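Novice: My questions will all concern the structure given below.
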Amino acid sequence: MDYFAHESAVVDAGSVIGKGTKIWHFSHLMNGCRIGDNCNIGQNVVISPGVVLGNNVKVQNNVSVYTGVICEDDVFLGPSMVFTNVINPRSFVNRKNEFKQTQVRKGASIGANATVVCGVEIDKYAMVGAGSVVTKNVPAFALVYGVPAVQHGWVSRYGHKLKFNQTGEAICPETGEVYQLQGGECILIPEPVN
């Protein structure tokens, strides 16, 4: 094995686990999930069949990642956050053929105890505040929070709230990267290759 799994973790046959990934106490990775390299799967996490996690994804404790979720590289899933996969669940109606896809793009972060309703896209480097309920798509670099989650500004790739000047430019205080508002979107100038 090129990954670490705690002795109390359950990794079903048919799971694909990348090199350097760590799986901690009482977690269950189900048949058919695909986990990238250098991921960290916290304790008491469930990763359902068909879930795809890219490289360097961090899944904190008590997270449920249900079928239909795809997370790209460098995604952060905060403690006890949860995804749904059916819009109108009923225990007596089998809707496994109605799972909706949820896409979390590169570098996005979802805070502790947030809920992401299925069928949405959280775009690259967006930040979802703790306790939020995401019911619609979140733009790249957007900062959203609340119930339901609404946008409260923009953040840099490094998670700093951006302050735009009169010409629509902002600078990340940590990296010096320049961001620009163009047509209601936040763009990193120049756009990074990776």
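Residues checked against (1) among the charged types (D, E, K, R); (2) closer than 14 Å to C71 by Cβ:
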{"position": "D12", "(1), (2)": "yes, no"}
{"position": "I17", "(1), (2)": "no, no"}
{"position": "G20", "(1), (2)": "no, no"}
{"position": "H28", "(1), (2)": "no, no"}
{"position": "G36", "(1), (2)": "no, yes"}
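Novice: Still on this structure, I have one more. Within the stretch 15-62, how many residues turn out to be among the aliphatic types (A, V, I, L, M) and over 15 Å from the mean Cα position of the chain (by Cα)? Outline the logic, then answer.
Specialist: Step one: filter the stretch 15-62 for residues among the aliphatic types (A, V, I, L, M), giving 16-17, 23, 29-30, 35, 41, 45-47, 51-53, 57, 59.
Of the ones still in play, those that are also over 15 Å from the mean Cα position of the chain (by Cα) are 16-17, 23, 29-30.
Here the count works out to 5.
Novice: Considering each residue of the stretch 1-27, count those that are crowded, with 18+ Cβ neighbours inside 10 Å and closer than 21 Å to K96 by Cα, and give that number.
Specialist: 1
Novice: Can you find even one residue in the stretch 36-43 that is of a type in the set (D, E) and touching a strand residue (DSSP E or B) at 6+ places or on another chain (Cβ under 7 Å)? Don't jump to the end; show me each part of the working.
Specialist: Within the stretch 36-43, the subset of a type in the set (D, E) is 37.
From what's left, touching a strand residue (DSSP E or B) at 6+ places or on another chain (Cβ under 7 Å): none.
Checked the stretch 36-43: no residue is of a type in the set (D, E) and touching a strand residue (DSSP E or B) at 6+ places or on another chain (Cβ under 7 Å).
Novice: Then there's this: Of all residues in the stretch 83-128, which are surrounded by fewer than 21 Cβ atoms within 10 Å (Cβ to Cβ) and among the aliphatic types (A, V, I, L, M)?
Specialist: V86, I87, V93, A112, V117, V120
Novice: Same structure again: For the stretch 149-194, give me each residue that is of a type in the set (A, V, I, L, M), in contact with a Leu (Cβ under 6 Å, 6 or more places away or on another chain) and under 19 Å from F76 (Cα atoms).
Specialist: Filtering the stretch 149-194 down to residues of a type in the set (A, V, I, L, M) leaves 149-150, 155, 162, 170-171, 178, 181, 187-189, 193.
Now restrict to residues that are in contact with a Leu (Cβ under 6 Å, 6 or more places away or on another chain): 155, 170.
The one that is of a type in the set (A, V, I, L, M), in contact with a Leu (Cβ under 6 Å, 6 or more places away or on another chain) and under 19 Å from F76 (Cα atoms): V155.
Novice: Sticking with this structure for a sec: In the stretch 130-139, what residues are within 25 Å of Y179 (Cα to Cα) and either surrounded by fewer than 19 Cβ atoms within 10 Å (Cβ to Cβ) or touching a helix residue (DSSP H, G or I) at 6+ places or on another chain (Cβ under 9 Å) (or both)? So that I can check it myself, show each step before the final result.
Specialist: The first filter runs over the stretch 130-139 and keeps only residues within 25 Å of Y179 (Cα to Cα), leaving 130, 134, 136-139.
Correct list: A130, K136, N137, P139.
Novice: How many residues are over 18 Å from P148 (Cβ atoms), in a loop (DSSP other than H, G, I, E, B) and of a type outside the set (G, A, S) when one looks only at the stretch 87-114?
Specialist: Total meeting the criteria: 8.
Novice: Would you say K100 is under 21 Å from Y158 (Cβ atoms) and out of contact with any Ser or Thr (no Cβ under 7 Å at 6 or more places or on another chain)? Steps first, answer last, please.
Specialist: Values: under 21 Å from Y158 (Cβ atoms): no; out of contact with any Ser or Thr (no Cβ under 7 Å at 6 or more places or on another chain): yes.
Against the criterion (under 21 Å from Y158 (Cβ atoms) and out of contact with any Ser or Thr (no Cβ under 7 Å at 6 or more places or on another chain)), K100 does not qualify.
Novice: Can you tell me which residue within the stretch 46-55, out of those that are of a type outside the set (A, V, I, L, M) and crowded, with 19+ Cβ neighbours inside 10 Å, is farthest from V117 (Cα to Cα)? Outline the logic, then answer.
Specialist: Here is the first cut: in the stretch 46-55, the ones of a type outside the set (A, V, I, L, M) are 48-50, 54-55.
Next cut, crowded, with 19+ Cβ neighbours inside 10 Å only: 48, 54.
Working: S48: 16, G54: 20 Å.
Applying the filter and picking the extreme gives G54.
Novice: Here is a further query. Of the numbered conditions (1) under 19 Å from N85 (Cβ atoms); (2) crowded, with 19+ Cβ neighbours inside 10 Å, R34 satisfies every one except a single condition; which is it?
Specialist: Among (1) under 19 Å from N85 (Cβ atoms); (2) crowded, with 19+ Cβ neighbours inside 10 Å, R34 violates only (2).
Novice: May I ask you to list the residues in the stretch 173-194 that are closer than 26 Å to A114 by Cα and surrounded by fewer than 18 Cβ atoms within 10 Å (Cβ to Cβ)?
Specialist: Here is the first cut: in the stretch 173-194, the residues closer than 26 Å to A114 by Cα are 184-187.
G184, E185, I187 - these are the residues of the stretch 173-194 that are closer than 26 Å to A114 by Cα and surrounded by fewer than 18 Cβ atoms within 10 Å (Cβ to Cβ).
Novice: Take the stretch 64-85 and flag every residue that is of a type outside the set (S, T, Y) and closer than 15 Å to V133 by Cα. Walk me through it before giving the result.
Specialist: First, pick out the residues of the stretch 64-85 that are of a type outside the set (S, T, Y): 65, 68-79, 81-83, 85.
Residues satisfying the conditions are L77, G78, P79, M81, V82, F83, N85.
Novice: Can you tell me which residues in the stretch 24-45 are more than 26 Å from Y125 (Cβ to Cβ) and of a type outside the set (F, W, Y)?
Specialist: Of everything in the stretch 24-45, those that are more than 26 Å from Y125 (Cβ to Cβ) and of a type outside the set (F, W, Y) turn out to be H25, S27, H28, L29, M30, N31, G32, Q43, N44.
Here, each number is a calculation from the coordinates, and none is a lab measurement. Keep in mind that this is a model prediction, so the values were computed, not measured. Cβ: placed from backbone, ideal geometry, glycine included. Neighbour counts: every protein chain shown.
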